[in-house]
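One structure is given below, encoded as structure tokens.
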Ligand SMILES: Nc1nc2c(ncn2[C@@H]2O[C@H](COP(=O)(O)OP(=O)(O)OP(=O)(O)O)[C@@H](O)[C@H]2O)c(=O)[nH]1
Ligand SMILES: [Mg+2]
């Protein structure tokens with residue numbers, strides 16, 4: 001059996017991580033690709049799918065709030081740190097499925113996974129050589145040039161912090177008008193066009209900061225390219241799969257629809 005590939009879905013709260021995790025699993029399974037889902041969010045309520053491996057079996061946000069007298073934010077941080085204590089159990093449970101693709105749905109707030117130590121630790125513990133980050137950009141923010149750049153900077157920061165291969169995904173593409181989606185795609189392919197849009201966008205702070213920021217983004221060239229997805233009709237799933245294949249040269253041909 002080939003070594004498994006881990007895909008971590010990371011993005012700001014409500015950016016569509018859980019929906020994409022599930023959609024991608026369904027898309028893969030329909031093509032005979034063996035993928036399981038792992039929920040790493042101890043506070044998840046109403047997940048849109050039934051995870052194959054679930055951190056809530058080991059850690060409960062409510063119990064942590066009650067036992068330590070913490071509010072929801074403090075408890076989220078405590079839970080995030082506790083993830084690291086359960087990595088052996090998580091690894092065993094994942095291993096028992098003998099799946100080829102492990103789809104990791106991360107906690108709502110990005111900083112819990114990206115900026116606390118546990119996220120990095122889990123990635124390294126499970127398999128640092130076969131892990132890719134799917135970084136999700138929310139269209140509510142991405143449709144303005146400054147919002148788009150802000151999200152790319154967060155993506156760069158995630159890349160800097162976790163140091164894994166990364167692919168940028170624009171979620172909920174159906175929520176953008178065709179012309180808005182085309183514009184975001186143009187920005188993602190053409191940094192000069194993004195720069196002009198940013199400078200035209202009003203506040204002088206953009207004029208002062210944009211050149212330096214865009215240079216940073218250009219330096220992380222691959223960060224600029226984004227792949228749109230949407231929950232209807234498996235929109236964008238083939239592109240995501242192709243990016244994963246390109247990264248690991250997994251050599252499985254994409255079967256036609
Ligand atoms: N229209 C549309 N809505 C979407 C899409 N993907 C997700 N949503 C909606 O966006 C909301 C958030 O989606 P989730 O998948 O829960 O996002 P998340 O990042 O897992 O959220 P948290 O874990 O709570 O931070 C839900 O109401 C979804 O139904 C999409 O492709 N199109
Ligand atoms: Mg979620």
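Selection within region 28-47: residues that are within 16 Å of ligand 1 (Cβ to nearest atom) and crowded, with 22+ Cβ neighbours inside 10 Å. The member of this set that is farthest from residue 100 (Cα to Cα) is 42. Looking across 103, 126, one residue alone is touching a residue at least 24 places away in the same chain (Cβ under 8 Å), within 16 Å of ligand 1 (Cβ to nearest atom) and buried (at least 20 other Cβ atoms within 10 Å of the Cβ). It is 103.
Considering (1) closer than 30 Å to residue 91 by Cβ; (2) surrounded by fewer than 19 Cβ atoms within 10 Å (Cβ to Cβ); (3) touching a strand residue (DSSP E or B) at 6+ places or on another chain (Cβ under 7 Å), the lone condition that residue 161 does not fulfil carries the number (3).
Somewhere in region 48-69, is a residue closer than 24 Å to residue 170 by Cβ and surrounded by fewer than 15 Cβ atoms within 10 Å (Cβ to Cβ)? For region 48-69, residues closer than 24 Å to residue 170 by Cβ and surrounded by fewer than 15 Cβ atoms within 10 Å (Cβ to Cβ): present.
Regarding residue 97, is this residue away from ligand 1 (no atom under 16 Å from the Cβ), within 15 Å of residue 134 (Cα to Cα) and modelled with pLDDT of 95 or more? Considered against the rule, which asks whether it is away from ligand 1 (no atom under 16 Å from the Cβ), within 15 Å of residue 134 (Cα to Cα) and modelled with pLDDT of 95 or more, residue 97 comes out as no. Against the test of being buried (at least 21 other Cβ atoms within 10 Å of the Cβ), more than 16 Å from ligand 2 (Cβ to nearest atom) and touching a residue at least 12 places away in the same chain (Cβ under 8 Å), the options 167, 156, 114 yield a single qualifying residue, 167. Counting only residues that are under 22 Å from the mean Cα position of the chain (by Cα) and either within 16 Å of ligand 1 (Cβ to nearest atom) or not in a helix (DSSP H, G or I) (or both), region 155-179 holds 16 of them. Restricting attention to region 24-82, the residues being more than 16 Å from ligand 2 (Cβ to nearest atom), in a loop (DSSP other than H, G, I, E, B) and touching a residue at least 60 places away in the same chain (Cβ under 8 Å) number 4.
The values are calculated or read from the model by the stated rules, or taken from the named source; none is laboratory data. Remember, it's a predicted structure, so these values are computed and weren't measured experimentally. Using ideal geometry, Cβ is built from the backbone for each residue, glycine included, and neighbour counts are taken over all protein chains shown.
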